[in-house]
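The values are calculated or read from the model by the stated rules, or taken from the named source; none is laboratory data. Quick caveat: nothing in here was measured; it's all calculated off a predicted structure. Every residue, glycine as well, gets a Cβ built from its backbone with ideal geometry; the counts of neighbours run over all protein chains shown. Protein only, heavy atoms only, side chains kept; ligands, DNA and RNA dropped before computing areas. Shrake-Rupley method; radii C 1.70, N 1.55, O 1.52, S 1.80 Å.
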Amino acid sequence: TGGGPVAQPSQDVCPPDDTASPEAPATHPADGRVHGGPVSYPQLGPPWGPPQGEINPVPFGNDVQTQTVVDQPNYDGQGHLWVASILVAELQAGDGFFTPEQGSQIVVKCILGAFYGDNPVNSNVKVNEKTTIDGHEAWLVESHLTFDIAGLKAKGELLIVAIVSAGNRSGLYYASIPDTTPELVQPARDALRDLQVDG
């Protein structure tokens, strides 16, 4: 939400950083899909921008790739963008291993605690259930978030988080679609529907 954190995440809500040194960017096939960690989805065309690695890495993912659509430029008068985004990555597990359900709880808690600064966020959970993605055990969370952020036209957004078990790794799918761009909800659902486990 907002395409990335707007405040420094506190360590009590986000997975600990398990990387002692920066990793070289992962190489993925040029096959028309957006690859992050062990999962991928078919690349979305305009108005979605090309896939990009996170300039400010999310605190819960490695090998992150994101597609975004600008919802509101310079919403805070300081040059920051508010965007609709779809992200895939490998779930960063710190020193432990997360089941898909545990991973979803940690990621959602981290998002709510780290991505909205000091602004209160209300979460109305619509889906919180075990599922299967590309034949792999997974957990899906959908929630409608509401907030009131100075200068921002959007007062809420759809949050979708899916964690997919991929052997000894976990794949992450995360979509954030502001209420001001309802036409982008279906592409986000399509990308999740077509999510596959690559390795």
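Numbers for the structure displayed
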{"item": "Per-selection Rg to Rh, segment 98-158 - Cα, Kirkwood hydrodynamic radius", "result": "1.06"}
{"item": "Straight-distance crosslink candidates among lysines, where the alpha carbon sits under 23 Å from Lys109 and sequence neighbours closer than 8 are dropped", "result": "Lys126, Lys130, Lys155"}
{"item": "Semi-axis lengths (Å, descending) of the ellipsoid that matches the C-alpha gyration tensor of segment 64-199", "result": "26, 16, 14"}
{"item": "Descending Cα extents along the principal axes, segment 124-199, whole Å", "result": "44, 20, 18"}
{"item": "Approximate spin-label separation Asp134-Thr180, in nm, with each point projected 7 Å along Cα-to-Cβ", "result": "3.4 nm"}
{"item": "Accessible-area composition of segment 75-130, carbon plus sulfur, in percent [1.4 Å probe]", "result": "44 percent"}
{"item": "Vicinal HN-Hα couplings computed from phi for segment 117-131 (Karplus, 6.51 cos²θ - 1.76 cosθ + 1.60; Hz; Gly/Pro x)", "result": "x, 8, 7, x, 10, 9, 10, 10, 6, 9, 9, 7, 8, 6, 8"}
